[in-house]
Every structure is written in structure tokens, then in C-alpha cells.
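Take a look at the structure below.
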Amino acid sequence: MSDLFWLTDEQMERLRPFFPKSHGKPRVDDRRVLSGIIFVNRNGMRWRDAPREYGPHKTLYNRWKRWGDMGIFMRMMDGLSAAKAEPQTIMIDATYLKAHRTASSLRFKKGDPGRLIGRTKGGMNTRLHAITDQNGRPLSFFMTAGQISDYTGASALLDSLPMAQWLLADRGYDADWFRDALEEKGIRPCSPGRRSRGKPVKYDKRKYKRRNRIEIMFGRLKDWRRIATRYDRCPNVFFSAICLAATVIFWL
């Protein structure tokens, strides 16, 4: 099939340092299996429907599950972004990801933190919070249930912020505690104030116009059908799919 996805030799060389060591029997072709994993995630198909050119679908799923549990896909994004990011100006925002009924149909066990799916006006959703560099390439993600506010995501991502001069954010992040926390890190916030503020907040409107790049980033992530619609019950599996998509789209 001519429309299949295949990683190039150059891309494999960038990813190979993040592969776990093979113990005992050597792994099957990494390029073939990883290309098949990417194809399945990008097209939102079932593992059993993967094209035969990628080998047995059970091999693809087992590699996906095992590497996801080991955090390999998150490590790929973190490692490549740390080497190539341009964080002089960073951006923060969040988006909703629609949860399919298969992701939220069963009850979770007692003591389980849950599936990070919440009910909003648009139905059952997961909320993805992100930090990007000045070119709109993702640096870090944080996932919550759909009804969770921007402030929760901002608080969780605060410690992972890189050394930067500016942070661009919409008025949903206009809070005194957040501005103070950024100032303590030496980061200047560029964000309009909420309409409820008595005194208008001054900000650089020309610089703020570049914030559309994080919106473009979310749009490109949602081009992957497994990201735009969440089919996975396990939040760790879904988060691995997000990190893999971000790695392939922005860092390879």
C-alpha cells in the first residue's frame, strides 16, 4: 500500500537512543513495528485492522502497551524537545478532547484516581493542558477531566516551565497568584486581564498575537483521530498517544 506511513532512517536514528535495551531474544524490526503503531494511532483504527505490511497486529499492540507502561513515548518527546526547543517565549493553553463511549462506559475501581473524563456542556471530555515554545511546539502536557479549570493545569505545569523571558496566555489564566509565580521565576506574563477586573491590565498586544501558534498546535494534534476522539479507557495509554503524536508531528 502506497499510503502507509514509514519512518525514515534519519528519524529512526533520532528515536533509537530512547529505545529500551533488548534482553534475551532480539526484538523484531523496530522501524516496521513503530511505523505501524504510528499508523494505527494517526488513523484511529483498531489494532486488529492494522495493514499486514506492519506484521501481526498482536505484536504492534504488545509493543505499544509495554513501551507505554515504561514511559518510552513520553521520554521521546521530552528528550527531543529539550534538544531542539526555543523557549525564549513560551505559551500555555488547554483544549477539550471528546471521549468516546468506550472510554467512559465502565466504572473505575475504588481507590483508582479515575479515567480523567468529566462531563461538560459538550458531553464527556478530557482536558489537555500544554506548554509550548515560541514556535508552538509542545514542551509539556498535563491531562485532567473535562470540567477542571485552567488554573489547575497552570498550577500543575508551573514547576515544569523552562527558563523564558515571556509567557503568553489568554485571559483564562489571569490570576494574581499565577502572575506572581511567573515573576518569581523571572518570566514576564503577556496576558489580557479578565473583564471583571476593575483596573485594566497592560500587555504587549503585538507579542500576544503570536499566541495563535498554540491553537495551531492543538489543531494539528487533533488531525490524529485517536487524539481528537479518546477511545482508550486508561489515561496513561491515551497520554502516550498524545506524546507520540507530538513527537512525530513537531520534533522529528
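The values are calculated or read from the model by the stated rules, or taken from the named source; none is laboratory data. The structure presented is a predicted model; accordingly, all values stated were derived computationally and were not measured. We place every Cβ from the backbone using ideal geometry, glycine too, and count neighbours over all the protein chains shown. Note: accessible area is taken over every heavy atom of the protein model, side chains too, but ligands, DNA and RNA are not part of it. Shrake-Rupley method; radii C 1.70, N 1.55, O 1.52, S 1.80 Å.
Share of the chain's accessible area from carbon and sulfur, percent, 1.4 Å? Taking all protein chains in place, the chain shows 49 percent carbon and sulfur surface.
The lysines whose alpha-carbon is closer than 29 Å to the alpha-carbon of residue 84, local same-chain residues fewer than 8 away aside, are 21, 65, 185, 205, 207, 209, 222. The long axis of helix 30-43 is offset from the longest Cα principal axis of the chain by roughly 60 degrees.
Helix 212-221 and the longest principal axis of the C-alpha atoms of the chain enclose an angle of approximately 20°.
For the chain, the longest principal axis of the Cα atoms and the long axis of helix 235-246 meet at an angle of about 90 degrees. Pick from 26, 189, 235 the residue whose mean-square fluctuation is largest in a GNM of the chain, springs joining Cα atoms under 10 Å. Looking only at 26, 189, 235, the largest GNM fluctuation is found for 26.
Here residue 58 is the anchor, and the aspartates and glutamates within straight C-alpha reach of less than 13 Å, apart from those fewer than 8 places off in the same chain, are 49. Amide H contacts of residue 44: 225, 226, each under 5 Å away and 5 or more positions distant or on a separate chain (H built 1.01 Å from N in the peptide plane; Pro and chain starts excluded). Considering only 213, 188, 48, the Gaussian network model of the chain with Cα springs below 10 Å gives its largest mean-square fluctuation to 48.
Sequentially through segment 3-19, phi angles give Karplus couplings (6.51, -1.76, 1.60; θ = phi - 60°) of 9, 6, 9, 9, 5, 7, 4, 5, 5, 5, 5, 6, 8, 4, x, 9, 6 Hz, Gly and Pro residues having no value and appearing as x. Once the chain from residue 83 to residue 12 is taken as fully extended at 0.36 nm per residue, the excess over their C-alpha distance is 23.9 nm. Close amide H contacts of residue 188 (hydrogens built in the peptide plane, cut-off under 5 Å, sequence separation of 5 or more or a different chain): 166, 167.
Summarising the amide proton neighbourhood of residue 145: residues at separation of 5 or more, or on other chains, whose placed amide H is nearer than 5 Å comprise 127. Model label sites at residue 21 and residue 249, defined 7 Å from Cα along the beta-carbon direction, differ in position by 3.5 nm.
Go through 57, 23, 100, 129 and list them by solvent-accessible area, largest first, probe radius 1.4 Å. Could you put the intermediate results ahead of the total?
Numbers: 57 80, 23 155, 100 60, 129 0 Å².
So, going from the largest accessible area down, we get 23, 57, 100, 129.
The residues of segment 9-125 have, on average, 60 Å² of accessible surface per residue, using a 1.4 Å probe with all protein chains present.
Taking each pair of different alpha-carbon atoms in segment 81-187 once, compute 1/r for the pair, average those values, and report the inverse of that mean as the Kirkwood hydrodynamic radius in Å to one decimal. This gives a value of 15.0 Å. For the pair residue 69 and residue 98, what calculated FRET efficiency results from E = 1/(1 + (r/R0)^6), where r is the Cβ-Cβ distance and R0 = 25 Å, to the nearest 0.05? Calculated transfer efficiency: 0.50. Across segment 123-128, coupling constants 3J(HN,Hα) worked out from phi with the 6.51/-1.76/1.60 Karplus curve, θ = phi - 60°, read x, 7, 9, 10, 10, 10 Hz, and Gly and Pro carry x. When the Cα convex hull of segment 1-88 is projected onto planes of every orientation, the mean area is 6.9 nm². Distance from the Cα centroid of segment 152-200 to that of segment 8-45 is 38 Å (rounded to whole angstrom).
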